[in-house]
Amino acid sequence: MESILAKISIMLIPALLAVMAHEVSHGLMAQQLGDPTARLLGRLTLNPFKHLDPIGTLAVLFLGFGWAKPVPVNVQNLNSPKRDMILVSAAGPLANFILAILSALLLRGIALLSQHFSAQNHVLFMVLKPLALMAAFSLFINVVLAVLNLLPIPPLDGGRILTGFLPTRQAAFFSRLEPLGFPIIIVLIIFTNFWPKVLIPIVYKVVGVLAGPHILVVERVIHFLFISS
């Protein structure tokens, strides 16, 4: 029980921020481009209860990736629907990349503070250690969400970005594949080696660049959260 509570305490806030920032960014970009739907439905908020999808939240806690309820966007309200949907779709992964960079900077800052002060201040060390673990998980989960959502499979953001670049006829055909998108993703992740052989190496490459010498902290956190019993 203590192990489960420790894992939840590390994951909960970073995971909530990651999925909420992703969805709110979609809504904010749509608002800037002429569609107020998300604002009118009260979705431009960091209140987690407005965004949480129960299954998506459990997936984050147990699998290391997940999703929130999609922010509604009315394409017809956008100033230039085809172009603007590219920008709206890209806003979510971009928000996750920004959070990943901020998390990496926080992790590096905590490491510096720990080197200089924690040896003399036990209380400070007790505060900095869980913050470092949360920053490491935040870096990981935000990179995972950004990379996963950029896959060119509708309804993922990458699929909608690709749709925006396709000619009208091909875009219409590709959009019709959207109901099959999540089954395809589930099959790829659960029943093939796509997750460990393709996605995870990309994720760790990006995490490694951002974390630098502190990549070992991220690896220890991921091992504790998802591998150790």
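Annotations for the structure displayed:
- Cβ-Cβ contacts under 8 Å between residues 6 or more apart (or on different chains), taken from a first residue in the stretch 211-226 that is at negative phi to a second residue that is outside any helix (DSSP H, G or I) and modelled with pLDDT under 90, are listed as ILE222/GLY64; LEU225/GLY64; PHE226/GLY64.
- Unique match (being assigned to a helix (DSSP H, G or I), at pLDDT 95 or above and of a type in the set (A, V, I, L, M, F, W, C)) among VAL187, VAL207: VAL207
- Note on the stretch 37-118: enclosed helices (runs of 4 or more DSSP H) holding 1 or more residues that are at pLDDT 90 or above are 37-40, 81-113.
- Candidates ALA15, ALA30, filtered to the one that is assigned to a helix (DSSP H, G or I), more than 20 Å from GLY158 (Cα to Cα) and either in contact (Cβ under 8 Å) with a residue 24 or more places away in the chain or touching a helix residue (DSSP H, G or I) at 6+ places or on another chain (Cβ under 6 Å) (or both): ALA15
- Of all residues making up the stretch 29-43, the number that are out of contact with any Lys or Arg (no Cβ under 7 Å at 6 or more places or on another chain) and surrounded by fewer than 19 Cβ atoms within 10 Å (Cβ to Cβ): 7
- LYS50 meets all of the listed conditions (1) under 21 Å from GLY159 (Cβ atoms); (2) of a type in the set (D, E, K, R); (3) surrounded by fewer than 20 Cβ atoms within 10 Å (Cβ to Cβ) but one, namely (1).
- Filter pass, VAL127 being surrounded by 15 or more Cβ atoms within 10 Å (Cβ to Cβ) and either under 26 Å from GLY212 (Cα atoms) or modelled with pLDDT of 90 or more (or both): no
The values are calculated or read from the model by the stated rules, or taken from the named source; none is laboratory data. Keep in mind that this is a model prediction, so the values were computed, not measured. Every residue, glycine among them, receives a Cβ derived from its backbone with ideal geometry; neighbour counts consider all protein chains shown.
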